[in-house]
Amino acid sequence: TQDIHYLMADDERRYKIAPATIAIGKDGRIKDERVQVRTGKEEVHSVLPDEVDFIEISPDTIVGVSTALIPFLE
């Protein structure tokens, strides 16, 4: 979905979180057959798309369109 949920670091331990770079189809579903996710113990696992709890957002998407045009913005 397009819903944004903010998680505290302690809360992240309970979920399987996929990176922002995964391929998403037009229907909003994950395209890949298996997805690399991180879990609470800093472990990386390969899981089925249905097992993903959250997808990270890219830091580039936090700023607006006009702000993103500023070179070397950090």
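The values are calculated or read from the model by the stated rules, or taken from the named source; none is laboratory data. Values in this document were obtained by computation on a predicted structure and should not be read as measured data. Backbone-built Cβ (ideal geometry, glycine too); neighbour counts: all protein chains shown.
Annotations
- Those residues of the range 1-20 which are of a type outside the set (A, V, I, L, M, F, W, C) and surrounded by 10 or more Cβ atoms within 10 Å (Cβ to Cβ), in sequence order: Asp11, Glu12, Arg13, Arg14, Tyr15, Lys16, Pro19
- Residues being at pLDDT below 90 and surrounded by 12 or more Cβ atoms within 10 Å (Cβ to Cβ) - total across the range 31-42: 3
- Take the conditions (1) within 11 Å of the chain's Cα centre (by Cα); (2) aliphatic (A, V, I, L, M); (3) modelled with pLDDT of 85 or more; Ile57 misses just one of them, which is (3).
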